[in-house]
Amino acid sequence: RCYKKSLFNYGATSIKEYLKYPNILGGVVGNEVMNDEASWRAAPCVRIYARNLKLWMDKLVDGGITQRTLPLIYATQDSSVLGGAEMSSDTMVKLTADYLTCAEYGKGTIVKDVAGDEPTHGIQHFTDNRFGISPIDIIGVNIESWCSSTQDFWYNADGSEGSYFSLWKAMQKTSVPVIFSEMGWLVRA
């Protein structure tokens, strides 16, 4: 059991409302859900939730209710306690992105077995023609590093490699667009 039916209903209702407006570019399905080793167990649920919302949007298009779907975004933090000293935060961001954007192959189905509701222990077919679905379309990085007026994209004020440049290098071969979903600038007068 991954998530409650009420969460799916909330996401589906929100998306259906958002689809009415052409200026809405995407929807965030999770923000810093997987921040430590204990919460990383939720990763498969985030994937399933996103996949189910995408399949549901496909059903809306197939039914003529809407003409488009929304890209789904997951926002991750750029620092993590996962991996300990042997794994950098950039590596963790890349692993998170790779896991959430790895395409699933097979029949498109929506899992109905959800926690807190009447479990069916089964699946409901929504579409049979969606192959190679990537649960997440855009990775947002809540880059928790603050830039001062004495540093730039490449270097910190002390000459060391800047956090933005380091993250940019780590994410070069990501299969989906990456955006900075939180970032900060510290301006000194």
Next on the checklist: If R51 satisfies all but one of (1) under 17 Å from G140 (Cβ atoms); (2) in contact with a strand residue (DSSP E or B) (Cβ under 9 Å, 6 or more places away or on another chain), what's the number of the condition it fails?
Outcome noted: (1)
Item to check | Members of segment 13-26 that are surrounded by 12 or more Cβ atoms within 10 Å (Cβ to Cβ) and assigned to a helix (DSSP H, G or I) | outcome: S14, I15, K16, Y18
Checklist entry - Within segment 60-76, which residues are surrounded by fewer than 18 Cβ atoms within 10 Å (Cβ to Cβ) and either assigned to a strand (DSSP E or B) or charged (D, E, K, R) (or both)? => result D62, R68
Checklist entry - Could we say that Y10 is surrounded by fewer than 18 Cβ atoms within 10 Å (Cβ to Cβ) and assigned to a loop (DSSP other than H, G, I, E, B) here? => result no
Item to check | Search result, residues across segment 27-39 that are of a type outside the set (S, T, N, Q) and either out of contact with any Leu (no Cβ under 7 Å at 6 or more places or on another chain) or surrounded by fewer than 17 Cβ atoms within 10 Å (Cβ to Cβ) (or both) | outcome: V28, G30, E32, V33, M34, D36, E37, A38
Item to check | Top-ranked residue of segment 81-104 - restricted to ones that are at pLDDT below 60 and in a loop (DSSP other than H, G, I, E, B), ranked as most open to solvent (accessible area, probe 1.4 Å) | outcome: V81
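The values are calculated or read from the model by the stated rules, or taken from the named source; none is laboratory data. Every value quoted in this text rests on a predicted model; they were computed, and no experiment measured them. Heads up, the Cβs are rebuilt from the backbone with ideal geometry, glycines too, and the neighbour counts pull from every protein chain shown. Quick note on the areas: whole protein, heavy atoms, side chains included, nothing else; ligands and nucleic acids left out. Shrake-Rupley method; radii C 1.70, N 1.55, O 1.52, S 1.80 Å.
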